[in-house]
1. Would you confirm, using the coordinates I've provided, whether Ser187 is surrounded by fewer than 19 Cβ atoms within 10 Å (Cβ to Cβ) and either assigned to a helix (DSSP H, G or I) or more than 21 Å from the chain's Cα centre (by Cα) (or both)?
2. Select from the range 48-69 the residues that are touching a strand residue (DSSP E or B) at 6+ places or on another chain (Cβ under 8 Å) and in a loop (DSSP other than H, G, I, E, B) and write down the one among them that is least open to solvent (accessible area, probe 1.4 Å).
3. Which ones in the range 133-155 are part of a helix (DSSP H, G or I) and either within 16 Å of the ligand (Cβ to nearest atom) or closer than 21 Å to Phe235 by Cα (or both)?
4. What strands (runs of 3 or more DSSP E), lying completely within the range 212-294, carry at least 1 residues that are hydrophobic (A, V, I, L, M, F, W, C) and more than 21 Å from the chain's Cα centre (by Cα)?
5. Restricting to the range 5-35, name every residue that is of a type outside the set (Ser, Thr, Tyr), in contact with a Phe, Trp or Tyr (Cβ under 8 Å, 6 or more places away or on another chain), touching a residue at least 60 places away in the same chain (Cβ under 8 Å) and more than 14 Å from the ligand (Cβ to nearest atom).
6. Quick one: which of Leu92, Leu72, Leu97 is at pLDDT 95 or above, open to solvent by less than 40 Å² (accessible area, probe 1.4 Å), over 30 Å from Ala195 (Cα atoms) and in a helix (DSSP H, G or I)?
7. Go through the range 75-88 residue by residue and tally those that are assigned to a loop (DSSP other than H, G, I, E, B) and within 16 Å of the ligand (Cβ to nearest atom).
8. Residue under question is Asp48, and the condition is that it be within 27 Å of Arg270 (Cβ to Cβ) and more than 16 Å from the ligand (Cβ to nearest atom); does it hold?
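The values are calculated or read from the model by the stated rules, or taken from the named source; none is laboratory data. None of these values were measured; they are calculated from a predicted model. When we count neighbours, we look across all protein chains shown, and the Cβ atoms used for this are built from the backbone with ideal geometry, even at glycine. Surface areas here come from the heavy atoms of the whole protein model, side chains and all, with no ligands, DNA or RNA. Shrake-Rupley method; radii C 1.70, N 1.55, O 1.52, S 1.80 Å.
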Amino acid sequence: MIYIHVPFCRSFCTYCDFYSEIASDIRMGLYAEALCREISERSSEITDDIPTLYIGGGTPSVLPLSVLQRILDTLPQQRWTEFTLEANPEDLCEKGLPYLEGLRRLGVDRLSMGIQSFDDGILRWMNRRHNAERAVRAYNLAREAGFRNISIDLIFGISHLTDALWEGTLQKAVSLAPDHISCYQLSVEGESSLAGMVAEGRYREAGEEQCLRQYDRLCQVLSEAGYVHYEISNFALPGREAVHNSAYWHRVPYVGFGPGAHSFDGKKRRWNTSSLSSRSFSEEILTPEDERVETIMLSLRTSRGIGADFLHENCSPRVVESLLDEGSLVRVEDRYRIPENRFFVSDEIIRELI
Ligand code: SF4
């Protein structure tokens, strides 16, 4: 599994504090140079257990096809079980069908589109570049170009996102019938503009009740539309679960290239420095305790849950018993999982277990 990080955006979103810089031809050229060197030097770390490629960001769709081609030419393997590229709707509208068809020729078979909302007011507040109409246009163009596997991202839990606005976004999403929907509750991240707005009293976070209501409605609408809720924040039409992301939750090793990218080889985690000019990185060798905690946290995010033997050997029987009694855990054959109606409070349930 390979992850490639593209640290460029055309503008910065209100809620985001990812490492990213404004895209320019010069900086993208430098990036491609350094990235290809890194891939060549670390190619022995690439395994073919699950041959997926995920190009994320930042905004990978700011990269011209020629730069993407150059990156792909440096990778030792070219046949992917799944090849995802994250795309900004406005880029897809501006670059149009030729760009989308070019992506298909490069082998991209899954697009992850950062739509976030179908309400123009909410999109403006987020400082997204697209509006609702352009989001739909980008989606339709991608279908026209032949993409059969499209995921869209949505965000709820914004204090001025009323239930009516949220319903509108959900209904619009379902009417487009994307293969996959990732949906996150807005969170205030350290270095984001939003954190500044909170500190200055210009934004008040949405209450727990509103967030829970919007999450419940999300689960209901998507379930009625035939989506499988296979991870706390992820829904897929049957058979369209993300192969790459699912492997993260099951702690499959992956190698990450590019500034700020993470890697995991089964025993240690590595973080590249978030800088175009630095090639340094940090590493952490996981202790048995780290592995125990990670396994519990990641597995219980999924509807597949965790093996009963593992939970019995690694958690307090008293806590497991009490979570079962209160309905926060259910046993299905030889596995335990958090039921969907408790997904929203899964952090608390997992905290009790670890
Ligand atoms: S959310 Fe995506 S597009 Fe927006 S600033 Fe962050 S990385 Fe860039």
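1. no
2. Within the range 48-69, the match that is least open to solvent (accessible area, probe 1.4 Å) is Leu63.
3. Across the range 133-155, the qualifying residues are Arg134, Ala135, Val136, Ala138, Tyr139, Asn140, Ala142, Arg143.
4. 281-285
5. Passing the criteria: Arg27, Leu35.
6. Checking each option against the conditions leaves just Leu72.
7. Final tally of qualifying residues: 1.
8. Yes: the conditions hold for Asp48.
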